[in-house]
Amino acid sequence: MTVRCGLMIAVSLSAVFMDFLMEKVKNELILTGLAAAIVCRLLEEGVYGGISFGAGVMIPILLLFPLFYFRMIGAGDIKLLSVLGGISGIRGSLMIMGSSLALGAVLSLAFLISCGSLQERISYFISYTKDTVLTGEKKPYLKKGKNPENFHFTVPVFLGTMMYLGGILL
């Protein structure tokens with residue numbers, strides 16, 4: 001196992017534990033992950049590693065900002081994807097982010113079906129979207145606290161990272 005692979009597993013798995021225990025991904029993990037990532041990339045690839053690191057970090061921030069703006073995804077999830085993107089580079093960032101979003105959708109759908117609340121959540125989403133468009137008012141989509149609809153997105157991020165590292169995402 002390479003240092004980068006080990007770092008990706010350690011960061012993503014730590015984020016899962018933090019998310020379940022504290023309902024957030026602490027900035028200390030993010031900053032430590034970013035520092036380790038830039039050092040790894042620069043030592044392994046020099047200047048190109050630094051450029052690839054920067055692009056990998058920025059991709060999730062730029063692409064997921066609209067979801068963050070409407071509080072559909074947490075800042076910690078985006079920062080976690082940025083760390084993983086910094087470690088893996090541009091291609092890895094896109095692959096991990098895409099697979100995480102797809103896995104998150106599948107797991108959320110399965111959860112909603114198993115709880116019998118799919119129709120309620122669809123109605124809530126339609127109502128939220130309609131209110132936002134008509135009023136132009138920005139309201140958080142997620143409700144704070146341990147509500148069943150609050151999904152720990154760090155789980156699909158970890159699974160997407162493992163798929164990427166395992167070569168499932170080509």
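Of note:
- Carbon plus sulfur fraction of accessible area for the chain, probe 1.4 Å, in percent: 71
- By average C-beta atoms within 10 angstrom, highest first, the peptides 98-106, 52-60: 52-60, 98-106
- VAL39 versus SER108: modelled label distance in nm, points set 7 Å from Cα along the beta carbon direction: 3.6
- Accessible surface for segment 14-111, divided over its residues, is 49 Å² per residue with a 1.4 Å probe.
- Between helix 27-45 and the chain there is an angle of about 40 degrees, using the helix long axis and the longest principal axis of the Cα atoms.
- Relative to the dominant Cα principal axis of the chain, helix 47-69 is inclined by about 10°.
- Cα radius of gyration and Dmax for segment 35-119 (Å): 15.5, 52
- Remark: accessible surface ordering of MET8, MET95 (largest first) is MET95, MET8, probe radius 1.4 Å.
- Degrees between helix 154-165 axis and first principal axis of the chain (Cα, 0 to 90, nearest 10): 40
- Close lysine pairs were tallied over the chain: pairs 8 or more places apart or on different chains with Cα atoms under 19 Å apart number 10.
- The ellipsoid equivalent to the alpha-carbon distribution of the chain has semi-axes of 31, 17, 14 angstrom, derived from the gyration tensor eigenvalues as √(5λ) and listed largest first.
The values are calculated or read from the model by the stated rules, or taken from the named source; none is laboratory data. Here the structure is a predicted model, which means the values were calculated and not measured. Cβ coordinates were reconstructed from backbone atoms using ideal geometry, including for glycine residues, and neighbour counts include every protein chain displayed. The area values use the complete protein model at the heavy-atom level, side chains included, leaving out ligands, DNA and RNA. Shrake-Rupley method; radii C 1.70, N 1.55, O 1.52, S 1.80 Å.
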